[in-house]
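Here is the structure we will look at.
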Amino acid sequence: MSTPRRRSGRGAPLVLLHGVGLDHTLWDDLAPLLEPRFDVLRYDLLGHGAAPGIQGAANIGKFIEQLDAELDAAGWGEANVLGYSMGGLIAGAYAAARPHRVTRLVLLSTVFQRTPDEVQAVKARLVAAATQDVATSAAVSLQRWFTPAFEAARPERVAAIGHRLIKNNRANFLAAYRLFAHGDALLAQAAPDIACPTLVMTGGDDVGSTPRMTRALGRALPDARVRVLDGQRHMLPVEAPEALASALHGFLLPGGQSDARPDGMPDRTNDPAAQPLRGPSSSPFPGPRM
């Protein structure tokens, strides 16, 4: 079975990796804003949408291999890579394992070093996803992901995301969710080996990928900028595509001015990025490192 994908626009190569339970249509609001300056590739991750299923436990190495194959099929030796939520775990692991293939990296609404309470909360959500009625579980996720104002203003878009969640193959969804729920250590291991410039972003009211996590991740990366969008929750690609597109243009394009700095406060002076936090490390990620 081939992986559903969509490629559009002209310019710098940019790959978009969606989150758990979603598919490449997550990017329908953002992609048109990027297409004038970027060659945008989005595809369904393994076990999502119409992509091949996950056999057994989800393995980060399989997602790395999938991204390798997508870049090869596009004819790209390297590209900018944006990972959202679980896609951020994949993007970060990929940048550590394949540094020669990632030009710049964006980690959007990505988990990092959960506190004990946050670990218990995500484990409880995993149990609920495995035991609750699918529609009930989807409704709880949507409430956590979107602001009430957006739900009231764009109910049809929220419903489309909910429909995607309900349509998931449950075994594949749970396999991916287990990787996400237990995977916040992935970026802690990968961070010292992510050499490319990185933008780390989240919403100020995101309870799953919190500003604390985002700022800590920015400090752990050798070359990072941090931005927190006040008043936003988890669904930045859908709820705040204009602000996200502006940040991406500023960070990814030559000569762009990103209004972010390592501590997550607004910055229009282009101060130096975070100081490297590096030391001896051995990468847990598969494949050759060049």
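The figures follow:
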item	result
Residues that are within 27 Å of Asp29 (Cα to Cα) and free of Cβ contacts under 8 Å to residues at least 12 places away in the same chain, drawn from region 161-209	His163, Lys167
When residues of region 94-104 are limited to those that are part of a strand (DSSP E or B) and touching a helix residue (DSSP H, G or I) at 6+ places or on another chain (Cβ under 7 Å), the one surrounded by the most Cβ atoms within 10 Å (Cβ to Cβ)	Val102
Matching entry among Ala190, Ala243 (being at negative phi, open to solvent by 10 Å² or more (accessible area, probe 1.4 Å) and in a helix (DSSP H, G or I))	Ala243
Options Ala152, Ala91: the member that is part of a helix (DSSP H, G or I) and surrounded by fewer than 24 Cβ atoms within 10 Å (Cβ to Cβ)	Ala152
Checklist (1) assigned to a helix (DSSP H, G or I); (2) touching a residue at least 40 places away in the same chain (Cβ under 8 Å) applied to Lys62, failing item	(2)
Number of positions in region 105-143 that are among the hydroxyl-bearing types (Ser, Thr, Tyr) and surrounded by 15 or more Cβ atoms within 10 Å (Cβ to Cβ)	4
Enumeration of residues in region 193-218 that are assigned to a helix (DSSP H, G or I) and in contact with a Leu (Cβ under 7 Å, 6 or more places away or on another chain)	Leu217
Residue among Ala73, Ala58 that is open to solvent by 40 Å² or more (accessible area, probe 1.4 Å) and more than 19 Å from Ser246 (Cα to Cα)	Ala73
Filter result for the condition that a residue is modelled with pLDDT under 95, under 27 Å from Ala138 (Cβ atoms) and not hydroxyl-bearing (Ser, Thr, Tyr), over Leu186, Leu236	Leu186
Residues of region 15-55 classified as under 19 Å from Leu236 (Cα atoms), in contact with a helix residue (DSSP H, G or I) (Cβ under 9 Å, 6 or more places away or on another chain) and open to solvent by 10 Å² or more (accessible area, probe 1.4 Å), total	7
The one condition in (1) of a type in the set (Asp, Glu); (2) surrounded by fewer than 18 Cβ atoms within 10 Å (Cβ to Cβ); (3) not in a helix (DSSP H, G or I) that Asp68 fails to fulfil	(3)
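The values are calculated or read from the model by the stated rules, or taken from the named source; none is laboratory data. All values reported here derive from a predicted model rather than from experimental measurement. Glycine gets a Cβ as well: all are built from the backbone with ideal geometry, and neighbour counts include every protein chain shown. Protein only, heavy atoms only, side chains kept; ligands, DNA and RNA dropped before computing areas. Shrake-Rupley method; radii C 1.70, N 1.55, O 1.52, S 1.80 Å.
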